[in-house]
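The values are calculated or read from the model by the stated rules, or taken from the named source; none is laboratory data. Here the structure is a predicted model, which is why all the values come from computation and not from measurement. Methodologically, a virtual Cβ is constructed for each residue, glycine included, from the backbone with ideal geometry; neighbour enumeration extends over all protein chains shown. Calculation scope for accessible area: heavy atoms of the full protein, side chains included, ligands and nucleic acids excluded. Shrake-Rupley method; radii C 1.70, N 1.55, O 1.52, S 1.80 Å.
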2 protein chains.
Amino acid sequence: MTNPLRIGLAGLGTVGGGVVALLDANAELIARRAGRGIVVSAVSARDRNRGRGVDLSRFAWVDDATELAGRDDVDVVVELIGGSDGPALTLARATLGRAKALVTANKAMLAHHGLELGDLAEANGAALKYEAAVAGGIPVIKGLREGAAANGITRVYGILNGTCNYILTRMEAEGLSFGAVLADAQAQGYAEADPSFDIDGIDAAHKLSILSGLAFASRIDFAGVAAEGVRAVDSADIDHAATLGYRIKLVGLASAADGKLFQRVHPCLVPLAHPLAHVEGALNAVVVEGDFAGRLFFSGPGAGAGPTASAVVADLIDIARGPAQPAFGMPVAALTQFETADQASHAGRFYLRLTVADRPGVLAALTAHLRDSGVSIESLIQRGHGGSGGVFVVMVTHHVVERQVRAALDRMTASDDLLAPPMMMHILDF
Amino acid sequence: MTNPLRIGLAGLGTVGGGVVALLDANAELIARRAGRGIVVSAVSARDRNRGRGVDLSRFAWVDDATELAGRDDVDVVVELIGGSDGPALTLARATLGRAKALVTANKAMLAHHGLELGDLAEANGAALKYEAAVAGGIPVIKGLREGAAANGITRVYGILNGTCNYILTRMEAEGLSFGAVLADAQAQGYAEADPSFDIDGIDAAHKLSILSGLAFASRIDFAGVAAEGVRAVDSADIDHAATLGYRIKLVGLASAADGKLFQRVHPCLVPLAHPLAHVEGALNAVVVEGDFAGRLFFSGPGAGAGPTASAVVADLIDIARGPAQPAFGMPVAALTQFETADQASHAGRFYLRLTVADRPGVLAALTAHLRDSGVSIESLIQRGHGGSGGVFVVMVTHHVVERQVRAALDRMTASDDLLAPPMMMHILDF
C-alpha cells in the first residue's frame, strides 16, 4: 500500500473533533476505500488545554495554524476554523500557495473568496475541496459537480439552514412563537447566542452562492443573493399556510436565464405535495433540476459533528485516490459571469398577510390597491386576531410579477389601512 | 483543449437515442465541464434501418457491436444492449480486455458478472463505470462509492423499480386491482409485454446487489438476494395499510452484520412519516445509512431516456476528466466475501392478511396458532369481503423473528382455517 495521506487539522471544535473520531473509528475501511491510510500529523486550535474527548497527544501541536501549511509531514490541510477572512483565509492561501491540498467546511470563505482560492489551487495544481461547506454529509457538491454534470441545470434550490428549519418545524408542531422557539433552541445549544447568521438567511445565502456557481458553471456571486430570514414569520402565517395546504420553509433558490442569475433566500410556502415540505427539524435538502436528469432530490442531516466529518473525510478520500480536479467543475477562467437578475421581475403566486383595523370599508380599500396594481386574488381568509388591535387578512394572489405586488403593498402602507407592516412570501409552485 | 473523448455506442433503443440527444444538446457545456469534447465515433444496433429520431449518418456503423472495442477511433465503449450475457457480455469483455473504458447501464450483467469485469478492468487499467445501472439519473453509485465513502454503512435500501412503484401508486390512488393497472401500464408502454423481471422483483434485486456491494465493500452477491415481487399485493392490502398509517412499497433492503449479508426485495409497509412513503409513480429513491453521515436520502426519476442518458454521460465526463478508479470503490481483491444471512432470522413487525371462513371459532383458532408460535398481536382488523367466500382478517404483529411468523402461518395453512394463501409483509420500522 502507498504511503498514508498526512493531514494538518486546523480547528478542533465540534467538527474537528468529529473528523478525528471518524478517522479513528473507520481507519481500516477508509484505508481500503482510499487505497492508502489517512492519518493526522499535526493539529492547531485556539486553546490547547480545552478538553475535547479525543486524544490529541499523538499529534504535533502548532499554535499558529498557518504553520500547518509549511510542515513537511502535512500533505493536506483541513481548515475548520471558520470565518470568511482572518486566520482561515490566511491558512487557505498559505496551503494552496505551497501546492498542498485544502479541504474546508467554510462556506463564508468560499462565498467571499472561493474564486481567488480556486485560481490559486489551479495555478499550483492543488486540490480545493469543500463538500462539508453545504448540507453536511449530503454529497450535494459532488452531486452537482459530477453526478449532474451532463445536464443544463434549470434550477437549484433547497433547505440549507438547519437552525431555521428546526425553528419553523417546532413553531408548526407546537404552535409556539418564533421568539419562544429561538430562546429554547439557544438554551439547548441548537442555535448560536448571536443567531443572526442563521435566522437572517446569511448562512443559507453563503451556501446558495456556492451551489449556484456549480449549477450554472458561473462565478460565485454572493453579493447577488437577496437574503431574507425567518424573523418576520408569525405563527399565524404557519396556521394560514397549513389551512391553504402549505408549509413555510426557508428556501434558497437560484436560476439562470438570459444571461442573468437569480439568487434568493426567503421564507416561502411549499405545497405539501412537494418533497421539501416533508424535510423536518435540522435536516437539509437540495433539489437539482436538470434538463435530462429531471428533478433530483437529496436530503439528510445538514450539520453536526458526524455528518460534517463524513463530508470532510469523503474529500480526503477523493484526494487520496487521485489527482486534483478543478474545484468548481471547470477552470475558474471558464466560468460564466452572469448579471444579477432583478428580484422584482420574478413572477409567481404570493402569500400576503395584512394586519388591518376591524372597521367597514377596509377590505374594499385593500382590494382596490391590489386591483390598481394589477394583482388579482386567488383566495382570501379573514380570521383570528391580528395583534396591534387589528385582524389578519390573508390572501393568495394569482400568478403575477413581484413588482406589482410590491407596488400594491406600498400603496397600502402609504394609506392608514395597515396596522403593522405587511408580510409577503413566495409560493413554491414547481 | 485536449483531444475529444471518442465513444463507440452499442444499442440504440430509448437510452442510446437519449445519449446521442444529450451529447448533441449539451455539447458545449459538457466540453467545458469535462475539459474536452465528448463525441460519438461509431454506433451499432440490431436494426440499422429503424427510425430513431436522431441523425446517425454522422457516425460509422458496425453490424457486430464487438467490433467497437477494436476500433482505433473509439476510446470508450458505451454498452446499452442489455441482458446479463450474450452480446453485451462479449462486448464488455472485449472492451476491457483491450484496455478501453466501458460505461454500461446493464444491471443484470453487473449483478452476474460485475466482479469478473471489475477484475478485467483493473488488470488492464481501464475504467468500468455504471451510474446508469441503478436509479436512472440519481447519482447514487457515486454517492455510495465516493460521497459516503468515509462511513461504515449500516443499511442501504430503497425503491429501485419504477414499474412496480407506478403500479402500487395507481392501485392506491385509483383503487384499482393489480391486474387492471398492469394491463393498462402495458397498453401505454410503461410496463414490458413480459413484465416478470420488473414485477417479480428481479430487476430490483439486480440493482440491490450492486448497491450492497458498494455499501458493504463486499463481493456482489446476486444469488444471495431473496426476491419477492408485487403480484400478491391485493388492493385490500393497500386499504388496510392506509388505515394503519402505511403505504405499500416494493423495497430492496440490504444490511451486513456478524459476517453475514442480508439482502431482500419485498413489498413492505412504509410508515407515512418515512420519506420513502412519499416516493410516487415511476420515481426511484435510495436511503444510505452511514455511521457518521446519518440517513442520506436520494430520489428522482429512475428510468427513461433523459435520466439514464444523464447518468451515462456523467460517467463519460468522469472518464474524460481523469484516470480510472476501481469500479467498486476498491480493488476487487480487497472486497469482503460475506455469508448469506438467514432470511428467517430477520426480526421486525409484520403485516398479515388472512382469508378466513366467516364462522364462529375461526379467530380463536388463528390466534392460538400465533400464540403457539410465540407471535403476539399489536392490532387486528376484521372487515370487508375476502374473496373466495371468506372475510379478511388483517393483523400487525409486535416485534418478532420472522421464523416464528412463518411457523404460525404454516400451522394455519395446514389447518382448514384459511381459504386462500396468507399474505405476509414486513413493516419498515426505521
Only one residue in A:Gly136, A:Gly118 is modelled with pLDDT under 95 and among the small types (Gly, Ala, Ser). Which one?
A:Gly136
B:Ala126: passes all of (1) away from chain A (no Cβ under 14 Å); (2) buried (at least 20 other Cβ atoms within 10 Å of the Cβ); (3) hydrophobic (A, V, I, L, M, F, W, C); (4) within 20 Å of the chain's Cα centre (by Cα) but (4)
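Per-residue answers, yes or no, for (1) under 30 Å from A:Arg33 (Cα atoms); (2) without any contact (Cβ under 8 Å) to a residue 12 or more places away in the chain; (3) open to solvent by 10 Å² or more (accessible area, probe 1.4 Å); (4) among the aliphatic types (A, V, I, L, M):
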{"site": "B:Phe222", "(1), (2), (3), (4)": "yes, no, yes, no"}
{"site": "B:Val225", "(1), (2), (3), (4)": "yes, no, yes, yes"}
{"site": "B:Arg231", "(1), (2), (3), (4)": "no, no, yes, no"}
{"site": "B:Ala256", "(1), (2), (3), (4)": "yes, no, yes, yes"}
{"site": "B:Val270", "(1), (2), (3), (4)": "no, no, no, yes"}
{"site": "B:Leu276", "(1), (2), (3), (4)": "yes, no, no, yes"}
Could you go through segment B:149-172 and let me know if any residue there is facing chain A (nearest Cβ under 9 Å), under 20 Å from the mean Cα position of the chain (by Cα) and surrounded by 24 or more Cβ atoms within 10 Å (Cβ to Cβ).
no
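Run down A:Phe338, A:Phe328 and say which single residue is touching a Lys or Arg at 6+ places or on another chain (Cβ under 9 Å), closer than 25 Å to A:Ala226 by Cβ, touching a residue at least 12 places away in the same chain (Cβ under 8 Å) and within 14 Å of chain B (Cβ to nearest Cβ). If you could, list the steps in order and put the result at the bottom.
Numbers: A:Phe338 fails: within 14 Å of chain B (Cβ to nearest Cβ).
Just one listed residue meets the conditions, A:Phe328.
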Being within 7 Å of another protein chain (Cβ to nearest Cβ) and under 19 Å from B:Ile210 (Cβ atoms) is the filter here; which residues of segment B:267-297 pass it?
B:Gly290, B:Leu296, B:Phe297
Quick one: is B:Tyr157 assigned by TED's automatic domain parsing to the domain that holds B:Ala282 and assigned to a strand (DSSP E or B)?
yes
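What are the residues in segment B:113-123 that are under 17 Å from the mean Cα position of the chain (by Cα) and either in contact (Cβ under 8 Å) with a residue 40 or more places away in the chain or in the same structural domain as B:Phe222 (by TED's automatic domain parsing) (or both), if any?
B:Gly114
Give me the residue from segment B:205-234 that is basic (Lys, Arg) and part of a loop (DSSP other than H, G, I, E, B) and, out of that set, nearest to the other protein chains (Cβ to nearest Cβ).
Applying the first criterion (basic (Lys, Arg)) to segment B:205-234 yields B:207, B:219, B:231.
Within this subset, residues satisfying the condition of being part of a loop (DSSP other than H, G, I, E, B) are B:219, B:231.
Details: B:Arg219: 13, B:Arg231: 29 Å.
In this case the residue turns out to be B:Arg219.
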Selection count where residues are closer than 10 Å to B:Gly136 by Cα and more than 7 Å from chain A (Cβ to nearest Cβ), scope segment B:298-321
7
Close pairs from segment A:85-105: first at positive phi, partner open to solvent by 50 Å² or more (accessible area, probe 1.4 Å) and among the polar types (S, T, N, Q), Cβ under 8 Å, at least 6 apart:
A:Ala99/A:Asn124
What about A:Thr355, is it among the β-branched types (Val, Ile, Thr), surrounded by fewer than 23 Cβ atoms within 10 Å (Cβ to Cβ), within 13 Å of chain B (Cβ to nearest Cβ) and over 19 Å from the mean Cα position of the chain (by Cα)?
no
In segment A:112-123, which residue that is touching a helix residue (DSSP H, G or I) at 6+ places or on another chain (Cβ under 6 Å) and open to solvent by less than 10 Å² (accessible area, probe 1.4 Å) is farthest from the other protein chains (Cβ to nearest Cβ)?
A:Leu117
Here are some residues: B:Val134, B:Val78, B:Val74, B:Val103. Which one is more than 30 Å from A:Gly137 (Cβ to Cβ) and within 14 Å of chain A (Cβ to nearest Cβ)?
B:Val78
Can you pull out every residue in segment A:32-47 that is more than 9 Å from chain B (Cβ to nearest Cβ) and small (Gly, Ala, Ser)?
A:Gly37, A:Ser41, A:Ala42, A:Ser44, A:Ala45
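In this structure, does A:Arg295 turn out to be basic (Lys, Arg) and not in a strand (DSSP E or B)? Give the steps one after another, and end with the answer.
Values: basic (Lys, Arg): yes; not in a strand (DSSP E or B): no.
So A:Arg295 fails the test.
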Return the residues of segment B:17-61 that are at pLDDT 95 or above and of a type in the set (S, T, N, Q); say none if nothing qualifies.
B:Asn26, B:Ser41, B:Ser44
Looking only at segment A:181-194, count how many residues are within 20 Å of A:Pro301 (Cα to Cα) and open to solvent by 50 Å² or more (accessible area, probe 1.4 Å).
5
Name every residue in segment B:373-420 that is in contact (Cβ under 8 Å) with a residue 40 or more places away in the chain, open to solvent by 60 Å² or more (accessible area, probe 1.4 Å) and under 16 Å from B:Tyr351 (Cα atoms), in order of residue number.
B:His398, B:His399, B:Arg403, B:Arg406
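With touching a helix residue (DSSP H, G or I) at 6+ places or on another chain (Cβ under 7 Å) and over 30 Å from B:Val40 (Cβ atoms) as the only criterion, which of B:Gly294, B:Gly306 stands out?
B:Gly294
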Can you tell which of B:Phe262, B:Phe197 is assigned to a helix (DSSP H, G or I), among the aromatic types (Phe, Trp, Tyr) and surrounded by fewer than 24 Cβ atoms within 10 Å (Cβ to Cβ)?
B:Phe197
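Could you list all residues from segment A:296-329 that are farther than 28 Å from A:Ala27 by Cβ and surrounded by 21 or more Cβ atoms within 10 Å (Cβ to Cβ)?
Applying the first criterion (farther than 28 Å from A:Ala27 by Cβ) to segment A:296-329 yields A:296-297, A:299, A:326, A:328-329.
Listed by number, the residues that qualify are A:Leu296, A:Phe297, A:Ser299, A:Phe328, A:Gly329.
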Tally up the residues in segment A:278-291 that are without any contact (Cβ under 8 Å) to a residue 24 or more places away in the chain and buried (at least 22 other Cβ atoms within 10 Å of the Cβ), please.
0
Lone qualifier among B:Arg71, B:Arg48 - being surrounded by fewer than 18 Cβ atoms within 10 Å (Cβ to Cβ), charged (D, E, K, R) and in contact (Cβ under 8 Å) with a residue 60 or more places away in the chain
B:Arg71
